[in-house]
Amino acid sequence: VEEVVALDARSAASCAAVRTRLESTRWEWVISLDDEEPLCALASSLPCERLSGARLDALGQRGYTPDVGPWFDMGLLSVHGKAEADRRKVANTRSHPEILTSMLGLPMGKPELHVEPAHTQAALRFAERHELGRHGAIVGLNTGAGGRWRSKMLTVERTLQVAELVSRSLAGQVSFVLFGGADERERNAEIVRAAAGRIRLVDAGVDNSLLDFAALIGLCDVLVTSDSLALHVALARGVRSVAFFAPTSAAEIEMYQLGEKVQSTAPDYCSYKADADTSSLTHERIAAATMRQLELLRSARARRS
């Protein structure tokens with residue numbers, strides 16, 4: 001990536017400024033993967049040899065080029081209609097990166113998130129202050145999911161049950177680090193109160209900057225997480241993860257051989273309902289997956305030593 005140009009799709013002035021900046025170049029290939037009308041208009045206006053993706057047709061209607069059907073056929077713009085798009089989305093077994101790279105004929109790489117030394121040092125001071133690593137494994141808990149998707153999260157009690165089962169399996173040789181964002185402030189405080197005397201838990205706070213958040217996640221041996229930003233940060237930091245899914249698609253997420261997905265077995269799995277059934281995401285299943293990831297990490301470290 002040579003340059004990143006930011007714009008506000010809700011601002012006509014912002015879109016116009018970016019269009020003016022970009023239209024002076026004749027592009028070999030414009031790839032348009034966002035279906036918002038201002039961005040479709042922007043992609044359609046740029047001089048290029050080839051356009052792949054969402055665009056406006058001659059009548060000003062949104063559509064997409066045939067070569068990106070594997071992606072947009074499952075979305076709101078689908079030429080097959082919403083019902084068929086939803087069916088295809090549920091039936092899909094390929095991750096987003098796999099779909100995108102295969103349809104565009106590009107190699108699939110791995111995400112990397114590097115943080116500046118200042119953030120890394122702050123995380124190390126946090127670890128030293130709380131004696132992380134002196135009590136065995138470090139397992140992160142990011143089981144909330146903001147305010148929109150309540151069925152993406154684990155309950156407070158189930159979160160603690162996962163941690164207790166992992167702790168018992170490791171004879172207490174584990175520290176848990178609690179993560180979350182501003183929307184999890186009260187929820188995480190409840191977890192901290194309920195954890196007293198049950199597990200060794202350290203609260204990482206909910207007001208961290210993105211890079212401080214990433215550096216703290218980098219301390220973990222394994223992160224137990226909802227389908228949320230924390231999962232993508234962990235994978236980009238090379239941290240093994242156990243991710244659980246109920247309302248959203250597990251297949252869409254690429255784990256890059258860095259973890260395991262625990263998927264709801266309820267009939268409304270991948271329904272995108274805010275109240276999807278999460279009862280099959282049991283603490284036993286999630287704890288077992290966590291133990292498997294810790295064992296894989298232990299084995300990998302043993303081979304390197």
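Since every read-out is calculated from the coordinates, none of them should be taken as a lab result. Just so it is clear, the structure is predicted and the values come from calculations on it, not from any experiment. Please note: Cβ atoms are built from the backbone with ideal geometry, for glycine as well, and neighbour counts cover all protein chains shown.
Shown for Thr248, Thr225: other C-beta atoms within 10 Å of each C-beta, ranked fewest to most, produce the order Thr248, Thr225. Pairs exceeding a 18 Å alpha-carbon distance, out of Lys82/Lys273; Lys152/Lys261; Lys110/Lys152; Lys89/Lys273: Lys110/Lys152. Coupling constants for the stretch 134-144 follow from the phi torsions by the Karplus curve (6.51 cos²θ - 1.76 cosθ + 1.60, θ = phi - 60°), and in residue order they are 7, 10, x, 5, 10, 10, x, 10, 10, 9, x Hz; glycine and proline get x.
In the calculated pair-distance distribution of the stretch 12-104, the portion above 17 angstrom amounts to 53 percent of the Cα-Cα pairs. Residue by residue, the stretch 119-129 carries 3J(HN,Hα) couplings of 6, 4, 5, 4, 5, 5, 5, 4, 4, 5, 4 Hz when phi is fed to the Karplus relation 6.51 cos²θ - 1.76 cosθ + 1.60 (θ = phi - 60°); x denotes Gly or Pro. Packing here is the average count of other Cβ atoms within 10 Å per residue, and on that basis the peptides 205-213, 74-82, highest first, run 205-213, 74-82.
The HN-Hα couplings worked out from phi for the stretch 18-26 by the Karplus form 6.51 cos²θ - 1.76 cosθ + 1.60 (θ = phi - 60°) are 5, 4, 4, 5, 8, 6, 6, 10, 8 Hz, whole numbers, x standing for Gly and Pro. Summarising the amide proton neighbourhood of Trp27: residues at separation of 5 or more, or on other chains, whose placed amide H is nearer than 5 Å comprise Cys48, Glu49. May I ask you to derive the FRET efficiency for Val79 and Ser102 from their Cβ-Cβ distance with R0 = 22 Å, giving the value to the nearest 0.05? E between Val79 and Ser102, to the nearest 0.05, is 0.65. With a simple spin-label model that places each label point 7 Å from the Cα along the Cα-to-Cβ direction, the separation between Gln121 and Val192 comes to 2.6 nm.
Computing Rg and the Kirkwood Rh from the Cα coordinates of the chain gives a ratio, Rg/Rh, of 1.02.
Listed peptides 61-69, 16-24, 36-44, 107-115 appear in the order 36-44, 61-69, 16-24, 107-115 once ranked by packing, highest mean of other Cβ atoms within 10 Å at the front.
Close amide H partners of Ser241, meaning residues 5 or more places away or on another chain with modelled amide H under 5 Å apart, are Leu223, Gly259, Glu260.
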